[in-house]
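The values are calculated or read from the model by the stated rules, or taken from the named source; none is laboratory data. Computed from a predicted model, the values in this text were never measured in an experiment. Methodologically, a virtual Cβ is constructed for each residue, glycine included, from the backbone with ideal geometry; neighbour enumeration extends over all protein chains shown. Accessible surface is based on the protein model in full, side chains and every heavy atom, while ligands, DNA and RNA are left aside. Shrake-Rupley method; radii C 1.70, N 1.55, O 1.52, S 1.80 Å.
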Amino acid sequence: ADYHPMKLVGQYKKDPSKKVLIDREEKVLTIINILKPKVGTTKQALVALLKDALQNELLTQDGYISSTILESIDNDYVINYSQWKNQASLEAMVKRLQSGNAPKLGLVFSSSSPDFHPFKINSTHFKK
């Protein structure tokens, strides 16, 4: 197993009145983007680029719900935990990105070695 402690460094929500939930009853698509800065880009610079892209490009995207940015305490990894209404909403954003209509997000990905994974929440566990 690979273990890396993370700290929360930003959170962006389309609806600021809602909390970000990890709940298997919620019917959302969860995307975990693992970003490693490329040589010449610092972790702090990558986080700043990601915050800018989320604030200025994703908050206006249909179907986007939220993003939570985590940065590793012991290495250069940055995690973007995003929630989307559904797969079609995410695919629309990918098309926007590929067409060049999301340049700030494009800069995030060109400044890092991104690894993307869609997930469904299987279960959640709470201390009793």
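In segment 102-115, is there at least one residue being part of a loop (DSSP other than H, G, I, E, B) and either modelled with pLDDT under 90 or surrounded by 17 or more Cβ atoms within 10 Å (Cβ to Cβ) (or both)? Talk me through it step by step, then tell me what you get.
First pass over segment 102-115, keeping only residues part of a loop (DSSP other than H, G, I, E, B): 102, 111.
Of the ones still in play, those that are also either modelled with pLDDT under 90 or surrounded by 17 or more Cβ atoms within 10 Å (Cβ to Cβ) (or both) are 102, 111.
Scanning segment 102-115, I find at least one residue that is part of a loop (DSSP other than H, G, I, E, B) and either modelled with pLDDT under 90 or surrounded by 17 or more Cβ atoms within 10 Å (Cβ to Cβ) (or both), so the answer is yes.
Report every pair of residues separated by at least 6 positions or lying on different chains whose Cβ atoms are under 7 Å apart, first residue within segment 49-62 and within 13 Å of Met93 (Cα to Cα) and open to solvent by 40 Å² or more (accessible area, probe 1.4 Å), second of a type in the set (A, V, I, L, M) and outside any loop (DSSP other than H, G, I, E, B).
Asp62/Ala92
Out of (1) in contact with a Leu (Cβ under 8 Å, 6 or more places away or on another chain); (2) aromatic (Phe, Trp, Tyr); (3) more than 23 Å from Val39 (Cα to Cα), the odd one out for Phe119 is which?
The single condition Phe119 does not satisfy is (1).
All but one of (1) open to solvent by less than 70 Å² (accessible area, probe 1.4 Å); (2) in contact (Cβ under 8 Å) with a residue 24 or more places away in the chain; (3) touching a helix residue (DSSP H, G or I) at 6+ places or on another chain (Cβ under 6 Å) hold for Leu97; state the number of the condition that does not hold.
Result: Leu97 fails condition (2) only.
On the basis of being assigned to a helix (DSSP H, G or I) and touching a helix residue (DSSP H, G or I) at 6+ places or on another chain (Cβ under 6 Å), does Glu91 make the cut?
Working: assigned to a helix (DSSP H, G or I): yes; touching a helix residue (DSSP H, G or I) at 6+ places or on another chain (Cβ under 6 Å): no.
No.
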